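Chemist: Got a structure here, written out as structure tokens. Questions coming.
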Amino acid sequence: MSSKDDARELTDAVKQLARHQGAVLVGIAPVERFDPMPPVHDTAPAGMHPKDFLPEARSVISIAQPILNPVVDAPAVLATREMRMIPDHAKYPYLELLYDRVGHMVHDLMLEFIGQVVGQYLMSRGWEAMIFPTTGLHPHIEGMTDEQTWEGPSPEWAEEHSPLRYTSGPFSHRHAATRAGLGEFGYNNLVLTREFGSRQRFNSIVTDADLVPDPLIAEPICLRDKCRLCLKACIMQCITMRDDPSARDYRSLEKDDRSRIFIDTPAKTNTTLCRRRRDGRPDSPVRGDCLRVCPVPRRPNHLTDRLQGLVEAWESERT
Ligand code: B12
Ligand code: SF4
Ligand code: SF4
């Protein structure tokens, strides 16, 4: 068998195993796609390139599981309704926890398990693999409060050192997903796939095996300026486009080319505002309205009155 056939056979076996373990989307990115790419040439921060974890890295496997639609939609709607068994003052933390548990933790654990199983398999075939947590890391740093690790000692410090403070994920699963051909970034700064829109979580496996790459997305998925519902849905206004000069940060760009496929993000999120949404508005919705309102791949039909109003206004503008 030629090495091309070997690569095909190994790729098929890895994909089949990942799917069998519960991954629904699986894509392969060759490591070269982590070099800066036109038109915006974003670079992986030092310490976050696949080769920082495995110097001989050749491929990155991106895996995803959908968040089930009622898990995304129902907690937000219930927060605005009477719940006979849950006292009003407990409703928000209760429903955030419901979403967190079945829209976050289940995926986080399962995707990490799938990473370990695929990693073991690659190892048994003579290859190395690095796996990652699905979510961020929250280290306990001596002399710092939990709040300080989330937000940094001050906004000036955050600007100079790390916009993600001390809680950044070790590796960006969104960048891996676009490079593995699973989707593109949307205006909501999340990765949209054709299958589930923004409604999925990702993880990644870095390996030194040469796997057969999947093609990049060729047609836009995000509806772009024809939509902008995610930007309107965020009560904290924490998402801005990168060419918006009123919100400069490490992802700013002077000119944002919105005709391209978004392999790199067109948007930026003010992470402090996102985290503080409950402080800013005691009636703030269960997190994720930027994901919940998105009409890709289909119009959401179980929304809070506020989001429903935004979607209906958008639909009437289009007709
Ligand atoms: C921390 C975090 C947050 C925090 C940030 C807190 C803080 N202190 O800053 C907050 C609370 C804001 C947050 C909110 C949300 N999050 Co979040 N979050 C993460 C997490 C765990 C880490 C992000 C991170 O630190 N990445 C590392 C940094 C460095 O990467 P980055 O910000 O993407 O990268 C920027 C640069 O550093 C650089 N870069 C970094 N790596 C690379 C690599 C290459 C090749 C290039 C070119 C550039 C580059 O470019 C980026 C900007 O262009 C990721 C999981 C992960 N590990 O990817 C999930 C993740 C991004 N979140 C996710 C989700 C779903 C959400 C929410 C919807 C809430 C929810 N769970 O329902 C909201 C959405 C907010 C929004 N619209 O932006 C999903 C997104 C899934 C999707 N469909 O895209 C992720 C990917 C989790 C997952 N495993 O699926 N999140
Ligand atoms: S999770 Fe909520 S507060 Fe954060 S960016 Fe999305 S809509 Fe805004
Ligand atoms: S809500 Fe609209 S603009 Fe925002 S990500 Fe979805 S399709 Fe794109």
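Chemist: Condition first: open to solvent by less than 40 Å² (accessible area, probe 1.4 Å) and β-branched (Val, Ile, Thr). Now tell me which residues in region 33-46 satisfy that.
Modeler: Hit for region 33-46 is Val40, nothing else.
Chemist: May I pose another question? So Val40 ticks every box in (1) of a type in the set (A, V, I, L, M); (2) touching a residue at least 40 places away in the same chain (Cβ under 8 Å); (3) touching a helix residue (DSSP H, G or I) at 6+ places or on another chain (Cβ under 6 Å); (4) more than 16 Å from Ala176 (Cα to Cα) but one. Which box is left unticked?
Modeler: Val40 satisfies every listed condition except (3).
Chemist: Scan region 205-214 and tell me whether some residue there is in a loop (DSSP other than H, G, I, E, B), within 14 Å of ligand 3 (Cβ to nearest atom), among the charged types (D, E, K, R) and open to solvent by 10 Å² or more (accessible area, probe 1.4 Å).
Modeler: no
Chemist: Within region 68-84, track down each residue that is open to solvent by 10 Å² or more (accessible area, probe 1.4 Å) and within 23 Å of the chain's Cα centre (by Cα).
Modeler: Leu68, Asn69, Pro70, Val71, Ala74, listed by residue number.
Chemist: Would you mind stating whether Gly27 is assigned to a strand (DSSP E or B) and either more than 20 Å from the chain's Cα centre (by Cα) or among the small types (Gly, Ala, Ser) (or both)?
Modeler: yes
Chemist: Of the residues that sit in region 265-283 and are free of Cβ contacts under 8 Å to residues at least 60 places away in the same chain and in a loop (DSSP other than H, G, I, E, B), which one is nearest to the chain's Cα centre (by Cα)?
Modeler: Keep residues of region 265-283 that are free of Cβ contacts under 8 Å to residues at least 60 places away in the same chain, which gives 270, 273-274, 276-277, 279-283.
If we keep only those that are in a loop (DSSP other than H, G, I, E, B) as well, we get 270, 276, 281-283.
Working: Asn270: 15, Arg276: 19, Arg281: 24, Pro282: 26, Asp283: 25 Å.
Taking the candidates together, the pick is Asn270.
Table: residues versus (1) away from ligand 1 (no atom under 12 Å from the Cβ); (2) modelled with pLDDT under 90.
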position: Tyr250; (1), (2): no, yes
position: Glu254; (1), (2): yes, yes
position: Ile261; (1), (2): yes, no
position: Thr272; (1), (2): no, yes
position: Arg281; (1), (2): yes, yes
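Chemist: Examine region 47-59 for a residue that is within 21 Å of Arg174 (Cβ to Cβ) and loosely packed, with under 12 Cβ neighbours inside 10 Å, and state whether such a residue exists.
Modeler: yes
Chemist: What are the residue pairs meeting all of these: first residue in region 60-77, first residue acidic (Asp, Glu), second residue open to solvent by 30 Å² or more (accessible area, probe 1.4 Å), Cβ atoms under 9 Å, and 6 or more apart or on different chains?
Modeler: Asp73/Asn301; Asp73/His302
Chemist: Within region 228-237, does at least one residue satisfy the condition of being within 12 Å of ligand 3 (Cβ to nearest atom), open to solvent by 50 Å² or more (accessible area, probe 1.4 Å), among the charged types (D, E, K, R) and not in a loop (DSSP other than H, G, I, E, B)?
Modeler: Within region 228-237, one or more residues are within 12 Å of ligand 3 (Cβ to nearest atom), open to solvent by 50 Å² or more (accessible area, probe 1.4 Å), among the charged types (D, E, K, R) and not in a loop (DSSP other than H, G, I, E, B).
The values are calculated or read from the model by the stated rules, or taken from the named source; none is laboratory data. This one's a predicted model, so the numbers in the text were calculated from it and none came from an experiment. In this analysis, Cβ positions are derived from the backbone assuming ideal geometry, glycine residues included, and neighbour counts consider all displayed protein chains. Just the protein is used for accessible areas: all its heavy atoms, side chains included, with ligands, DNA and RNA removed. Shrake-Rupley method; radii C 1.70, N 1.55, O 1.52, S 1.80 Å.
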